[in-house]
Each structure stands twice: as structure tokens, then as C-alpha cells.
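Structure record follows, encoded as C-alpha cells.
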Amino acid sequence: MNLELLQRIEKSSAHTQNRINNRDFIIQNPHLVEELVLFSFKVDNKLHIRGCYILEKVFEQQLDLSFPFLDLICDQINKLQNDSAIRCVSRFLAFLVQDNSKKNYLTENQLEQITESSFDWLISDYRVAVKHHAVKILIETGKKSAWIYPELKIILEKEIEFPSPGYKSIVKKFLNKIN
């Protein structure tokens, strides 16, 4: 692995400015994206979460850098267990799926993997931010797959009393939209 990238990951934190600085470094050195993606999904390394922090910011800024690695990302998303790592990945997947609805570059298999992971995150005990991004992903993928909205509705009707106002709001908006 590139030594400077590894050192940046080791010294990184969840602080926004730190992630932005690392994002800028990766964007200036796009040849390091593959190493960052591979590192971010090495769940046996406790620092993989920091890689996910950086990855989220990189793909938020320049989503097209993810394109060569979509198969790898989609194959690995179900292996993530850490809330923080999943929050980062679910966020950029939400951007990805939303952008895909205009440009159509995700394969059916990739969409299926993202949809499956989103349902898993939604029904599991993850933080609100993860569930929020999962709902956004499923709303978008549900526009093309008729089976998603009925399944999503069943889950969200059970979750309507969730204590977070933000999550409650997105659930109500979706339920009002499809009822």
C-alpha cells in the first residue's frame, strides 16, 4: 500500500476538515482510489473505518472516481459491520443510486446488491443515519422495481414511531407519497 496514503489513514479522524484534506489528497492522486477502496473494505483492520470516512468524501465530491470499482464495492458492502463505516458507505451509495437514475451506469446485479444491503440495514439495529440513507436508496431503486415499495412500506409502518424526528419525517413523507 502507498505509504503516504497509509500514514494519512492512520492519522485521520472523523473531523470534517481532516476528511476534506484527505479527500483533496485522493482527488489530486486518483491512482490511489483503488488502494483506498480495498483498504476501506478490509473489515479485519480496525482502521478500515477511517478509509470509509475518506471514501465518502471523495465520492461525494467526485462520484465518477467510484465507477471502476463498483463491482468491488457492491460485492463487499454486505461485509461491513461497523455503524460508522456503514453510514459512510450508505451515504455515498445514496448519491450513487440517485445519480444512476439519470445516467444508468449501475448494472442490475449492482442495484440488486445495493438494494439488498439497504433492506438489511433498515431491518437491523443500525443508527438513524444509516436507516435514513437506506430509505433514500430504496425509494430511488423502487422507482424501477415494483416489488420494493410494498416491502418498504411494511417495514416503515412498523418504524413510524422511531424516536428520531428526521427519520420519522422521511418515513412519513414516503408513506404519504405511496398511499
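Taken together, the values in this text are just the output of simple stated rules run on the coordinates, not laboratory data. Just so you know, these numbers come straight off a predicted model, no measurement behind them. Note that each Cβ is placed from the backbone with ideal geometry, even for glycine, and that neighbours are counted across all protein chains shown.
Among the listed pairs 46/131; 11/131; 11/168; 102/173; 42/168; 57/102, those with a Cα-Cα distance over 27 Å are 11/131; 11/168; 42/168. Can you work out the PRE-style zone for residue 172? Point 7 Å along Cα to Cβ, and I want the residues of the stretch 103-144 with backbone N under 17 Å. Label zone hits: 132.
Put in order of Cβ neighbour count within 10 Å, fewest first, the listed residues 147, 121 become 147, 121. Counting neighbouring Cβ atoms within 10 Å and putting the fewest first, the residues 67, 25, 59, 39 line up as 67, 25, 39, 59. Extension gain, residue 64 to residue 143: 0.36 nm times the residue separation minus the Cα-Cα distance gives 26.2 nm. Between the alpha-carbon centres of the stretch 1-74 and the stretch 118-169 there is a gap of 27 Å. For the stretch 74-110, the set of chymotrypsin sites (Phe, Trp or Tyr not before Pro) satisfying both a DSSP loop assignment and a count of at most 15 other C-beta atoms within 10 Å is given as 105.
Of the trypsin sites (Lys or Arg not before Pro) found in the stretch 45-94, those in coil by DSSP whose Cβ has at most 16 other Cβ atoms within 10 Å are 46.
To the nearest ten degrees, helix 83-103 and the longest principal axis of the Cα atoms of the chain are 70 degrees apart. Look at 88, 52 and count the other Cβ atoms within 10 Å of each Cβ; fewest to most, that gives 52, 88. By the helix-only formula, in which each DSSP H run with n ≥ 4 contributes -39500 (n - 2.57) and the sum is divided by residues, the chain has a 222 nm mean residue ellipticity of -22500 deg cm²/dmol.
Calculate the FRET efficiency for residue 159 and residue 21 from the Cβ-Cβ distance with a Förster distance of 35 Å, rounded to the nearest 0.05. With R0 = 35 Å, the Cβ-Cβ based efficiency is 0.45.
Based on Cα contacts under 8 Å between residues 6+ apart, the stretch 3-178 shows a relative contact order of 15 percent. Axis of helix 128-141 versus longest Cα principal axis of the chain: the two differ by about 70°, to the nearest ten degrees.
Where does the Debye-calculated log10 I(q)/I(0) of the stretch 3-178 sit at q = 0.18 Å⁻¹, using only Cα point scatterers of equal weight, no solvent? Those come out to -1.14, one per q.
Counting only alpha carbon atoms, the long axis of helix 108-123 and the longest principal axis of the chain meet at about 70°.
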